[in-house]
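Take a look at the structure below.
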Amino acid sequence: MATATEVSNELDLPLSTAHVYLKTLEQIGYVVCESQNYRIGLRFLHHGGVARHKLRIYQIAKHEISDLSEKTQEVANLGVEENGQRVLLQKAEAPEGVYDNPPIGQFTNMHWTALGKAMLSTMSPEQVEKIVSVHGLPKATENTITTLDTLVEELDRTRERGYSIEDEERRRRIRAIGIPIEISDGVSSTSAISVSGPRSRIQKKEDEIIDALYNTANVIGLKCNHY
């Protein structure tokens, strides 16, 4: 939420110009005015829904993500890479699932999350360096990777064991395990799945979660590559 004055100050625009822009956006449904405060309109949700629906990986994986959450009794996630960032495409929450409640469509840095690190592990060193040069390695917690050398080492470990680990690197007390989806059609976005939840609980059943992730990734990959 922001007032016209706040928008004017933030964008360094004359107040009258900010008013004109906001009124135009309000008329076409992209912002809503409530008590002199403006918020994003739900028309953006429509466009996001259309964009997501057109992605083949979403159509194939959405039910598998729900099954993964049910099997692990944790939060299951599907992510894709776009412009060097992780986009949360789908999530499913079991009754006991606990996470930081990120919205569908959320963009965030790749190195913060299990989804992002799983996807980075499938990329060439040149691709990884390019993403880091554009987005940097900002710190979210005391556990966040903040140097390229450390990230490269982490991605090497991810490739060796076949899955990524997010250990309180974006949110304290949250741990996640991720696996990339192998798609050979040359068209689909780089993607990955993960299971996330309270650190202590994820650690106790890590082997079970890893097995479930592998099974789900295999099913999604087969469907994407052969159907």
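The values are calculated or read from the model by the stated rules, or taken from the named source; none is laboratory data. Just so you know, these numbers come straight off a predicted model, no measurement behind them. Here Cβ is always computed from backbone atoms with ideal geometry, including for glycine, and neighbour counts include all displayed protein chains. Side chains included, ligands, DNA and RNA excluded: accessible areas come from the protein's heavy atoms. Shrake-Rupley method; radii C 1.70, N 1.55, O 1.52, S 1.80 Å.
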One residue from Leu137, Leu115 being assigned to a helix (DSSP H, G or I), within 19 Å of Arg172 (Cα to Cα) and either under 12 Å from the mean Cα position of the chain (by Cα) or at pLDDT 95 or above (or both) = Leu115
Taking the residues in the range 9-29 that are surrounded by 15 or more Cβ atoms within 10 Å (Cβ to Cβ) and under 31 Å from the mean Cα position of the chain (by Cα) as candidates, determine which candidate is nearest to Phe44 (Cα to Cα).
-> Leu25
So how many residues does the range 147-167 have that are within 19 Å of the chain's Cα centre (by Cα) and either of a type outside the set (Asp, Glu) or surrounded by 22 or more Cβ atoms within 10 Å (Cβ to Cβ) (or both)?
-> 7
Restricting attention to the range 30-67, report how many residues are surrounded by 16 or more Cβ atoms within 10 Å (Cβ to Cβ) and among the small types (Gly, Ala, Ser).
-> 3
Residue selected from the range 197-220 under the condition under 20 Å from Glu168 (Cβ atoms) and small (Gly, Ala, Ser), by the criterion least open to solvent (accessible area, probe 1.4 Å) | Gly197
Part of a loop (DSSP other than H, G, I, E, B), of a type outside the set (Ser, Thr, Tyr) and on the phi > 0 side of the Ramachandran plot - does that describe any residue in the range 121-133?
-> no
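Answer with yes or no whether Ser194 is among the hydroxyl-bearing types (Ser, Thr, Tyr) and part of a helix (DSSP H, G or I).
Numbers: among the hydroxyl-bearing types (Ser, Thr, Tyr): yes; part of a helix (DSSP H, G or I): no.
The answer is no for Ser194.
Filtering the range 54-98 down to residues that are over 28 Å from Ser200 (Cα atoms) and hydrophobic (A, V, I, L, M, F, W, C), which residue is farthest from the chain's Cα centre (by Cα)?
Filtering the range 54-98 down to residues over 28 Å from Ser200 (Cα atoms) leaves 54-60, 81-84.
After this cut, where a residue has to be hydrophobic (A, V, I, L, M, F, W, C) as well, the list is 55, 57, 60.
On the way: Leu55: 15, Ile57: 14, Ile60: 17 Å.
This residue is Ile60.
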Scanning the range 130-146 for residues that are open to solvent by less than 30 Å² (accessible area, probe 1.4 Å) and among the hydroxyl-bearing types (Ser, Thr, Tyr), which turns out farthest from Asp167 (Cα to Cα)?
-> Thr141
Residue by residue through the range 80-108, note down the ones that are assigned to a strand (DSSP E or B), of a type outside the set (A, V, I, L, M, F, W, C) and touching a helix residue (DSSP H, G or I) at 6+ places or on another chain (Cβ under 6 Å).
-> Glu81, Arg86, Gln90
(1) basic (Lys, Arg); (2) open to solvent by 40 Å² or more (accessible area, probe 1.4 Å); (3) within 17 Å of the chain's Cα centre (by Cα): which one isn't true of Arg170, the others all being true?
-> (2)
Do the conditions hold for Glu160, that is, is it out of contact with any Phe, Trp or Tyr (no Cβ under 8 Å at 6 or more places or on another chain) and charged (D, E, K, R)?
-> yes
Which of the residues belonging to the range 1-47 are within 22 Å of Gly105 (Cβ to Cβ), of a type outside the set (Ser, Thr, Tyr) and part of a loop (DSSP other than H, G, I, E, B)?
-> Met1, Ile28, Gly29, Gly41, Leu42
Restricting attention to the range 68-79, which residues are open to solvent by 10 Å² or more (accessible area, probe 1.4 Å) and either in a helix (DSSP H, G or I) or within 18 Å of Gln127 (Cα to Cα) (or both)?
-> Glu70, Lys71
